[in-house]
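Comments concern the structure below.
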Amino acid sequence: MVAFKKILFPTDFSTNADKALAHAVRLADFEGGEVIVQHVVANYFEKHPHWATLFDLHEMQKYMDGYVEAHMTKILPKDTGSVRVRTEVSKGKAAEEIAALAERERVDLVVMGSAKGVVTNKVIRMTNRPVLAVSAAQSNPEEVGLRKLDKILVATDFSEHSKRVVEYAFDLKRIFDATIYMLYVIETSHAIDWAIRQGHFVHAIDKMREWAGHQLVNLTPDEFMRDPTVIRLVEAGTPGDTIAAVAYEVGASLTILGTHEYGTVHTHLIGTTTDKLLAKTSTPILTVKL
């Protein structure tokens, strides 16, 4: 069963980072849990050695401690007396240091607040830990981020590893009693989209939809086979745009993607899909390395 008792929260002290933590609070089981607040300081000393006489990691650690005491307590639920919050200051490149700490601490979740997804994409590639990426477009995080997780969208590419990410999504469904939307995207180019609108390839697309529908049924756990809160969707288009559109249309509280070395979802996710989703949708994106 999925549990998020140890969360790594890298922060640059921005408003968007706070939004990301608000969503993590909703997912986390804070009874006996721990939040690790990390701030990565770039190594400026190699190019600008004169800054070494002015910069002190101990001073940054004091700042972090003050940040946690004055700011984090406002975001964490009031009744989480057992929550442990500790700080970590790292020096180096952001993605590398975040991934290294995530692996070293064996965290259950890395929470990223990223406006463009550049560092987030690198962290997803470099760590085996689940990564929650929150869009800068997310509005009213105090209300939206802390509300009940009621609609989960999980995208699958039917690869040999797909079963695991779907099982992961159904674990969250069990925890939050959420409606789950299972999505498969029939990847098409703009040229094929145009041809379909002209009446070409219609039967081929219909056959692919039928096949994909059967595959989604096969991925559904037996206990949920007749559950009306399990909705199976097959759409055609480019993965990034289509996933973002479906997340918006169904009002998803969370979108889950699996990442691995093979398959359509991986190819596009580590390229442009995460960037597109972060830019186009306010839905938090949870990536699970397979």
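The values are calculated or read from the model by the stated rules, or taken from the named source; none is laboratory data. If you're wondering where the values come from, they're calculated on a predicted model, not measured in any experiment. Quick reminder, even Gly has a Cβ in these numbers, built from the backbone with ideal geometry, and neighbours come from all protein chains shown. These area figures cover heavy atoms from the full protein model, side chains too; ligands, DNA and RNA do not enter into them. Shrake-Rupley method; radii C 1.70, N 1.55, O 1.52, S 1.80 Å.
Would you mind checking K151/K289; K173/K207; K5/K289; K5/K93; K207/K289; K91/K289 for any pair whose Cα atoms are more than 23 angstrom apart?
Working: K151/K289 21 Å; K173/K207 30 Å; K5/K289 18 Å; K5/K93 26 Å; K207/K289 30 Å; K91/K289 26 Å.
As for pairs spanning more than 23 Å Cα to Cα, those are K173/K207; K5/K93; K207/K289; K91/K289.
Given points 7 Å out from each Cα along the Cα-Cβ axis, report the R86 to D150 separation in nanometres with one decimal.
Rounded to a tenth, the inter-label distance reads 3.8 nm.
V35: net charge of surrounding residues, Cβ under 9 Å, Lys/Arg +1, Asp/Glu -1, itself excluded?
Details: positive: K6, R84, R86; negative: E34.
Net charge in that neighbourhood comes out at +2.
Kindly state, to the nearest 0.05, the FRET efficiency for A42 paired with D65, given R0 = 25 Å and r defined as their beta-carbon distance.
Working: r = 21 Å, r/R0 = 0.83.
The formula returns an efficiency of 0.75 here.
Could you put E96, E59, E88 in order of accessible surface area, largest first, with the 1.4 Å probe and the full protein assembly present?
Details: E96 80, E59 100, E88 55 Å².
Solvent-accessible surface, decreasing: E59, E96, E88.
Stretched out fully, how many nm does the piece from Y248 to N128 gain, at 0.36 nm a residue minus the Cα gap? Numbers along the way, then the final one.
On the way: separation 120, 0.36 × 120 = 43.20 nm, distance 2.79 nm.
Full extension of this stretch gives 40.4 nm more.
What is the extension gain from E223 to D206, computed as 0.36 nm multiplied by their sequence separation minus the C-alpha to C-alpha distance, in nm to one decimal?
Difference between extended and current length: 3.3 nm.
Where does each of D12, D29, D227 land when they are ordered by accessible area, with a 1.4 Å probe and the largest first? Mind dumping the intermediate values first?
Values: D12 95, D29 65, D227 40 Å².
Ranked from most to least accessible, the order is D12, D29, D227.
Convex hull volume of the Cα atoms in region 201-240, per residue, in Å³?
Dividing the Cα hull volume of region 201-240 by its residue count gives 84 Å³.
Could you calculate the contour length gain from I231 to K163, that is, 0.36 nm times the residue separation minus the distance between their Cα atoms, to one decimal place in nm? Walk me through the intermediate numbers first.
Working: separation 68, 0.36 × 68 = 24.48 nm, distance 1.64 nm.
Stretched out fully, the I231 to K163 stretch lengthens by 22.8 nm.
Provide the solvent-accessible area of S282, counting protein heavy atoms only and rolling a 1.4 Å probe, rounded to the nearest 10 Å².
Taking all protein chains as shown, S282 has close to 50 Å².
In nm, give the distance between the simple-model label positions of E96 and D29, each being 7 Å from the Cα along the Cα-to-Cβ direction.
The modelled label-to-label distance comes out at 3.6 nm.
In what order, largest first, do V217, V118 sit by accessible area if the probe radius is 1.4 Å?
Numbers: V217 55, V118 85 Å².
Result, largest first: V118, V217.
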